[in-house]
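What follows is one structure encoded as structure tokens, with my remarks underneath.
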Amino acid sequence: MSNNGTKGDVVLMKGNEAIAHAAVRYGCDGYFGYPITPQSEVLETLEALMPWETTGMVVLQAESELASINMVYAGAATGKAVFTSSSSPGISLMQEGISYIAAGELPALIVNVMRGGPGLGTIHPSQSDYFQATKGGGHGDYHLIVLAPKSVQEMADFVGLGFDLAFKYRTPAMILVDGMVGQMMEKVVLPPQRPRRTDEEVLEQCPWAATGDADKRGRNNIITTLELDSHVMEKNNERFQETYRRIEANEVRYEEYMTDDAEWLMVAFGSMARISQAAIHTAREAGIKVGLLRPITLWPFPYERISELSRQVKGILVPEMNAGQMIEDVRLATEGRVPVKHCGRMGGIIPSPSEVLTALNSLIEVK
Amino acid sequence: MNREDIVKPENKVVSRPRLLNDNVMHYCPGCGHGVVHKLVAEVIDEMGLDKTGAVAIAPVGCAVFAYNYIDVDWIEAAHGRAPAVATAVKRLWPKKLVFTYQGDGDLSAIGTGEAIHAANRGENIAIIFINNGIYGMTGGQMSPTTLEGMKTSTTPYGRRVDLNGYPLAITDIFAQLDGTCYVTRQAVNDAAAVRKTKNAIKKAFQNSMDGLGTSVVEVVSQCNSGWKMSPVKSNEWLVEHMEAKYPLGDLKNNTPKK
């Protein structure tokens, strides 16, 4: 990648590469990762960029995903802006650490470039980690802020957004994206280079962090997720839940496409939203008034807006690259007002616009 | 008679280290952890490392609450992951003292991978490894360092190598890695051993600050509760049995002579 430029540069690159560039430009302090297809370009790009020579960002290829996520836990515990990336099986391995990051009320970013599962599965694109990402994943009652990019541009943009939200709420954020967005090349405008925070700025912004400055601070900071007194542990949980309620109230993000006059609705995220848009164009040409709601935050989920739209439309199609996962949240939002139908492929197969259109037509016929 | 009548400045010959918090320790009487905690607190104070800045990494095991006792910043790691946690902290805050404090379950069983790889990368951290050959916190189960024939709750008839494998001298492996600069095995069963252990911890911390690579200080320690012995008997048993399998002394010392 020859571009080293400043604000407004348009470059052509893969989604995974955009993640790496955006992280350096955000002023990220550290990346810890382990190779796995289809996201290894994140680590490869960072190693090639050598940001330790420019911004001072630490980049380390760890011995496993287990080590990576615990390095992220550590960096976050010291108030640094750190992240990791992996793909489905690697993210499964990280779940214990993600639960610790949530329980430690620590800001961190995790990128999951999804491939088809379960098990070692395939290396081809999938959205089958929706449940894992949005319903917890690891043990205990916690949530991640889950951002779902649909383009290389959003891959770049959501790195900064993810870090900002993670630090705002002191909770881990995840970029959940199918392998297609990670692997495809598109033009992207990279964000301008920001300086990394100085250590003094980290201390000021994160007075809770275990930076090693107990003496300077006058008290020691301890980052722990252990609390043997269940009454205190319940209070901790209540505090976590209050944070999640604030996130639900303030951070729901979605995009609508041709919903103004829609009689039918599709709800899709990531690559499936773009494929659904292509199907919508064809359907509109045939006189079918169909629109799209694309959740940008999968958690918090746009229940309210889908609930409103379910009063306007006759039925909802939920195209997903899985066996039907987000459809459960769509059904919760619609409260049985209209039929909600799944359409999708599994195991790394990407549905075509015509398959989505066929599913839409069958929904309309049944209705 | 109260405390003030006994403890007067003129007759006080020893006191709690400045960095050892005045909290009631949860360790069993006779356990070696309290002694090593005291040494760590003394060394940090004597070297002025609390002023420079120190981040300690707590394990899962008996020392899980180490953060309640030593007055520096702490991060509680998931079971076995302390060296990965320390790696990131030291790389992100290279001027600070960063050390892990781990037991034989944490370091030589579930955390072998992280410990070996951190040491092999030559991370500028110190690893304090308390080896008492048993899982104390969970009630005395076999650990990788449990001696052959030793009775634990999961080897009630004694450890059999045909069933459970051999006792793991993991510190010997650390000594073979190019990333380590100082690997030593010490004990805390008597005053002389305690003094040697303190010197070893001091050397390890200095190496960490000097950027010489990874230092590993194994401390062969007593678990009289887990071993089901009196504190006195466990000290004798440590010398007779533990030190036979885990002999004391430096396994590697690339520390420059001062």
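If the requirement is being in a loop (DSSP other than H, G, I, E, B) and in contact with a strand residue (DSSP E or B) (Cβ under 8 Å, 6 or more places away or on another chain), which of these qualifies: A:Ser85, A:Ser128, A:Ser68? Residue meeting the stated conditions: A:Ser128. Within segment A:84-122, restricting attention to residues that are among the hydroxyl-bearing types (Ser, Thr, Tyr) and within 11 Å of another protein chain (Cβ to nearest Cβ), the residue that is farthest from B:Glu76 (Cα to Cα) is A:Thr84. Exactly one residue among A:Met233, A:Met258, A:Met180, A:Met185 is open to solvent by 70 Å² or more (accessible area, probe 1.4 Å) and on the phi < 0 side of the Ramachandran plot, and that residue is A:Met185. Among the residues of segment B:26-63, those that are open to solvent by 10 Å² or more (accessible area, probe 1.4 Å), free of Cβ contacts under 8 Å to residues at least 60 places away in the same chain, more than 10 Å from every other protein chain (Cβ to nearest Cβ) and assigned to a helix (DSSP H, G or I) comprise B:Gly34, B:Lys38, B:Asp45.
Taking the condition of being open to solvent by 10 Å² or more (accessible area, probe 1.4 Å) and under 14 Å from A:Gly75 (Cα atoms), how many residues in segment A:105-117 meet it?
The initial filter retains those residues of segment A:105-117 that are open to solvent by 10 Å² or more (accessible area, probe 1.4 Å), namely A:105, A:115, A:117.
Cutting the leftovers down to under 14 Å from A:Gly75 (Cα atoms) gives us A:105.
Matching residues across segment A:105-117 total 1.
Regarding segment A:205-225, can at least one residue be identified that is under 27 Å from the mean Cα position of the chain (by Cα), outside any loop (DSSP other than H, G, I, E, B) and within 20 Å of A:Tyr26 (Cα to Cα)? Looking for residues that are under 27 Å from the mean Cα position of the chain (by Cα), outside any loop (DSSP other than H, G, I, E, B) and within 20 Å of A:Tyr26 (Cα to Cα), one finds at least one in segment A:205-225, hence yes. Note on segment B:148-258: enclosed helices (runs of 4 or more DSSP H) holding 1 or more residues that are over 14 Å from the mean Cα position of the chain (by Cα) and hydroxyl-bearing (Ser, Thr, Tyr) are B:191-210, B:224-227, B:231-237.
Those residues that are among the charged types (D, E, K, R), assigned to a loop (DSSP other than H, G, I, E, B) and either more than 7 Å from chain A (Cβ to nearest Cβ) or touching a Pro at 6+ places or on another chain (Cβ under 7 Å) (or both), I need them from segment B:72-96; list them, please.
First, pick out the residues of segment B:72-96 that are among the charged types (D, E, K, R): B:73, B:76, B:81, B:90-91, B:95-96.
The next check asks that each one be assigned to a loop (DSSP other than H, G, I, E, B); those that pass are B:81, B:95-96.
Listed by number, the list holds a single entry, B:Lys95.
For first residues located in segment B:151-170 and surrounded by 11 or more Cβ atoms within 10 Å (Cβ to Cβ), partners that are among the acidic types (Asp, Glu) and lie 6+ apart or on another chain with Cβ distances below 6 Å form the pairs B:Arg159/B:Glu148.
For segment B:196-231, name all the residues that are surrounded by fewer than 22 Cβ atoms within 10 Å (Cβ to Cβ), closer than 23 Å to B:Cys28 by Cβ and charged (D, E, K, R). Result: B:Lys198, B:Lys228.
The values are calculated or read from the model by the stated rules, or taken from the named source; none is laboratory data. Since this is a predicted model, take the numbers as computed values, not measurements. Cβ coordinates were reconstructed from backbone atoms using ideal geometry, including for glycine residues, and neighbour counts include every protein chain displayed. Note: areas computed on protein heavy atoms with side chains; ligands, DNA, RNA excluded. Shrake-Rupley method; radii C 1.70, N 1.55, O 1.52, S 1.80 Å.
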